[in-house]
Amino acid sequence: MEITDKMVAKTATKLSAEDIQKGKVLSVKWTPNLKYAWDNGPALGRYLAELKNGRIIAKKCNKCHRILIPPRMFCELCWVPTGEWVYVKDTGIVNTWVISYVDWKAGRLDIKGGVRPFTPAVIEIDGATKGMGILHLLNEVDPWKIYRGMRVKAVWKPPEERIGAITDIKYFKPVE
Amino acid sequence: MTKRVAIVGIGTTGFRATTPDVSYRELTYEAAMKAYLDAGIEPKDVDSFVSTAEDFFEGYSIADEYSPDQLGAVLKPIYTVPGDFIHSLASAYMMILSGIGPISVVQGLSKASNMLTLSEMVTFAMDPIYNRPLKESPHAVAGLEMARFMYETGTTREQIAQVVVKNRRNALTNPYAGHGVLVDIDYVLNSEVVSYPLTQMDIAPHSDGAVVVVLAEEETAKALTDKPIWIRGIGWCSDTPGLETRNWGEAVYAQIAAEMAYKMAGIRYPRKEIDFAEVNDEFSYKELQHLEAMRIFRKGEAGAFTAMGGTEINGEFPVNPSGGCLGVGNLYELNGGLKVLEVVRQLRGEAGKNQIKNVTTGLAQSWRGIPTATGTVVILSN
């Protein structure tokens with residue numbers, strides 16, 4: 001059934017922006033205060049601590065022999081505790097990437113005004129098992145010149161600015 | 001005739017106020033490994049998995065997606081129930097009955113220590129138009145209910161305090177419990193008032209931990225274990241969410257959930273046919289209110305019976321031999337898991353110093369906490 005203007009006039013109460021601004025209609029505002037403090041555990045904890053040192057660490061499964069990154073205390077496929085810690089490189093290749101014109105809040109970036117699009121990418125890290133890597137950002141590269149299999153390297157924050165977080169790596173950039 | 005389903009494996013980390021050394025992943029991994037070892041299976045033998053998680057408590061939207069790895073459930077049939085652990089148990093039970101496969105696994109987790117604004121998370125569960133603008137504390141809601149329950153049943157604060165004394169003492173001899181302590185009634189009555197008549201000691205402190213349970217259909221169960229613990233009846237129920245219109249004196253949700261489970265189990269006189277119960281005691285008075293709702297005691301009798309020691313481990317009808325939520329800790333969506341775990345340990349004769357003699361049938365009951373009116377019940381027999 002089509003909703004006509006006549007039906008709207010008969011049944012609906014029209015609201016203007018002014019009605020809301022002037023408080024003529026009930027408006028409830030609630031900002032939820034939801035705060036968490038996730039315990040890292042040994043795997044994520046060491047991974048973050050090593051990022052602060054400017055290094056990327058993985059863990060090896062002694063059953064399937066995969067070098068797992070990010071490291072974990074158990075292999076999710078073999079269902080066994082993982083074995084030794086293994087340092088991997090801060091270089092790798094682009095598995096997949098995107099040229100994003102919107103930010104994480106779905107807001108439009110002012111591309112025409114000269115803002116660079118976001119270029120998130122999955123980087124397969126050298127030294128880890130193929131297909132394993134880090135979801136991060138690419139920069140210092142023309143977004144339209146990124147290609148699958150492009151070799152990239154981490155650009156680290158200066159040591160004094162690192163806090164033990166994934167953002168201790170600023171982004172990955174192409175290497176010759 | 002309906003197929004029979006049994007619990008054939010249990011695993012837990014135990015429960016502590018904080019667990020800073022491990023993430024939620026390692027917590028579940030430990031409980032799962034123990035449960036699979038207990039059942040004599042590997043994750044590849046499992047036909048379906050059910051995890052239990054409330055997004056706001058985990059701090060992820062769609063927390064479901066973070067369940068498979070630590071259960072050995074990657075690329076297997078799994079889904080998450082955002083309710084109580086016993087809701088998940090019912091779901092796994094139904095999956096076995098519906099022929100998905102003979103083995104199903106249920107998981108639950110609490111990382112309550114990671115929730116920094118717990119009270120505000122619970123307040124966020126209240127209605128945004130009717131209730132939230134008044135800025136009631138969740139504990140005020142419990143206080144309102146406690147007051148009405150005392151008025152309708154004639155239960156005294158001293159009788160309710162005895163629940164705290166008993167449960168926290170039971171926890172001292174339960175190696176899994178994190179909040180055991182010896183106190184007397186005066187200590188409970190004189191603890192800091194939160195929402196009168198509710199005092200600090202009437203409220204279960206929170207705990208972290210994980211529980212994993214393995215279920216199997218009869219033939220498989222008998223092949224796997226000499227001590228299958230049979231699911232005889234299961235029930236769940238929700239009252240209206242309205243704080244304005246619900247029944248404040250009685251836990252009707254627990255009554256109807258219990259009647260559903262009794263009917264399935266063929267139980268007519270629960271007090272006679274059930275040997276002991278693990279019931280939700282997130283607030284001290286809830287233990288008594290739930291017992292009366294489930295016809296274990298008549299209205300107004302649970303308090304007096306408790307005061308006389310009738311619900312002690314060596315009493316006529318033991319209640320919360322584990323120490324309950326008051327002594328083990330409030331585990332939120334895992335509360336039902338603690339109850340099931342303890343009933344299984346009792347029925348297997350593995351409850352150590354807290355073992356009740358000669359038990360064959362136990363009841364595990366849970367509630368989803370403030371501000372809900374949702375309850376779950378399962379009846380288990382050895």
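Give the residue that is surrounded by the fewest Cβ atoms within 10 Å (Cβ to Cβ), with candidates limited to residues of the range A:142-163 that are assigned to a strand (DSSP E or B) and hydrophobic (A, V, I, L, M, F, W, C).
Ranking the qualifying residues of the range A:142-163, first place goes to A:Val155.
Within the range B:63-88, can you find the residues that are surrounded by 19 or more Cβ atoms within 10 Å (Cβ to Cβ) and either within 20 Å of the chain's Cα centre (by Cα) or in the same structural domain as B:Gly336 (by TED's automatic domain parsing) (or both)?
If the condition is that a residue be surrounded by 19 or more Cβ atoms within 10 Å (Cβ to Cβ) and either within 20 Å of the chain's Cα centre (by Cα) or in the same structural domain as B:Gly336 (by TED's automatic domain parsing) (or both), then B:Thr80, B:Val81, B:Gly83, B:Asp84, B:Phe85, B:Ile86, B:His87, B:Ser88 are the ones that fit.
May I ask you to say which residue of B:Ile129, B:Ile96 is farther than 30 Å from B:Arg298 by Cα and part of a helix (DSSP H, G or I)?
Exactly one residue qualifies, and that residue is B:Ile96.
Confirm whether B:Asp38 is within 20 Å of A:Leu77 (Cβ to Cβ) and part of a helix (DSSP H, G or I).
It is false that B:Asp38 is within 20 Å of A:Leu77 (Cβ to Cβ) and part of a helix (DSSP H, G or I).
Looking only at the range B:12-24, count how many residues are within 14 Å of another protein chain (Cβ to nearest Cβ) and either buried (at least 24 other Cβ atoms within 10 Å of the Cβ) or farther than 27 Å from B:Ile96 by Cβ (or both).
Total satisfying the criteria: 9.
Which residues, taken from the range B:62-80, are modelled with pLDDT of 95 or more and among the aromatic types (Phe, Trp, Tyr)?
B:Tyr79
For the range A:98-106, indicate whether the set of residues that are at pLDDT below 95, of a type in the set (D, E, K, R) and either under 19 Å from the mean Cα position of the chain (by Cα) or more than 27 Å from B:Pro43 (Cβ to Cβ) (or both) is non-empty.
yes
Would you mind stating whether A:Gly92 is crowded, with 18+ Cβ neighbours inside 10 Å, within 11 Å of another protein chain (Cβ to nearest Cβ) and closer than 22 Å to A:Ile169 by Cα?
no
Quick one: B:Gly59 ticks every box in (1) in contact with a Lys or Arg (Cβ under 9 Å, 6 or more places away or on another chain); (2) modelled with pLDDT of 95 or more; (3) surrounded by fewer than 24 Cβ atoms within 10 Å (Cβ to Cβ); (4) within 12 Å of chain A (Cβ to nearest Cβ) bar one, so which box is it?
Failing condition for B:Gly59: (2).
From A:Trp104, A:Trp85, which residue is surrounded by fewer than 16 Cβ atoms within 10 Å (Cβ to Cβ) and more than 28 Å from B:Leu75 (Cβ to Cβ)?
Of A:Trp104, A:Trp85, the one residue that is surrounded by fewer than 16 Cβ atoms within 10 Å (Cβ to Cβ) and more than 28 Å from B:Leu75 (Cβ to Cβ) is A:Trp104.
What number of residues within the range B:298-315 are at negative phi and surrounded by fewer than 23 Cβ atoms within 10 Å (Cβ to Cβ)?
The total comes to 12.
Could you tell me whether B:Lys272 is part of a loop (DSSP other than H, G, I, E, B) and more than 17 Å from the chain's Cα centre (by Cα)?
Against the criterion (part of a loop (DSSP other than H, G, I, E, B) and more than 17 Å from the chain's Cα centre (by Cα)), B:Lys272 does not qualify.
Given the options B:Ser137, B:Ser98, B:Ser91, name the one that is surrounded by fewer than 21 Cβ atoms within 10 Å (Cβ to Cβ) and at pLDDT below 90.
One residue alone meets the criteria, B:Ser137.
With the checklist (1) within 14 Å of chain A (Cβ to nearest Cβ); (2) under 20 Å from B:Gly209 (Cβ atoms) in hand, flag the one item B:Val81 doesn't pass.
All conditions pass for B:Val81, except number (1).
Condition check: closer than 30 Å to B:Asp55 by Cα, assigned by TED's automatic domain parsing to the domain that holds B:Glu342 and in contact with a helix residue (DSSP H, G or I) (Cβ under 8 Å, 6 or more places away or on another chain). Does B:Gly108 satisfy that?
Judged against the criteria, B:Gly108 is not a match.
Quick one: count up the residues across the range B:28-38 that are more than 8 Å from every other protein chain (Cβ to nearest Cβ) and either in contact with a His (Cβ under 9 Å, 6 or more places away or on another chain) or crowded, with 24+ Cβ neighbours inside 10 Å (or both).
So the answer is 4.
Show the residue pairs that are 6+ apart or on different chains and have beta-carbon atoms under 7 Å apart, the first residue being within the range A:26-45 and more than 7 Å from chain B (Cβ to nearest Cβ), the second being part of a loop (DSSP other than H, G, I, E, B) and not aliphatic (A, V, I, L, M).
A:Ala43/A:Pro71; A:Ala43/A:Arg72
Is the range B:306-317 home to any residue that is touching a residue at least 40 places away in the same chain (Cβ under 8 Å), under 25 Å from B:Gly143 (Cα atoms) and in contact with a Leu (Cβ under 7 Å, 6 or more places away or on another chain)?
Yes, some residue in the range B:306-317 is touching a residue at least 40 places away in the same chain (Cβ under 8 Å), under 25 Å from B:Gly143 (Cα atoms) and in contact with a Leu (Cβ under 7 Å, 6 or more places away or on another chain).
Report every pair of residues separated by at least 6 positions or lying on different chains whose Cβ atoms are under 7 Å apart, first residue within the range B:101-124 and within 11 Å of another protein chain (Cβ to nearest Cβ), second assigned to a strand (DSSP E or B) and surrounded by fewer than 21 Cβ atoms within 10 Å (Cβ to Cβ).
Between residues of the range B:101-124 that are within 11 Å of another protein chain (Cβ to nearest Cβ) and residues that are assigned to a strand (DSSP E or B) and surrounded by fewer than 21 Cβ atoms within 10 Å (Cβ to Cβ), the close pairs are B:Asn114/A:Tyr36; B:Met115/A:Tyr36; B:Leu116/A:Tyr36.
Could you please find all residues in the range A:46-75 being out of contact with any Pro (no Cβ under 7 Å at 6 or more places or on another chain), within 14 Å of chain B (Cβ to nearest Cβ) and buried (at least 16 other Cβ atoms within 10 Å of the Cβ)?
A:Leu48, A:Cys61, A:Arg66, A:Leu68, A:Pro70, A:Pro71, A:Arg72, A:Cys75
The values are calculated or read from the model by the stated rules, or taken from the named source; none is laboratory data. It should be emphasised that the depicted structure is a prediction, and the values quoted were computed from it without experimental measurement. With ideal geometry, Cβ positions are generated from the backbone for all residues, glycine too; neighbour counts draw on all protein chains shown.
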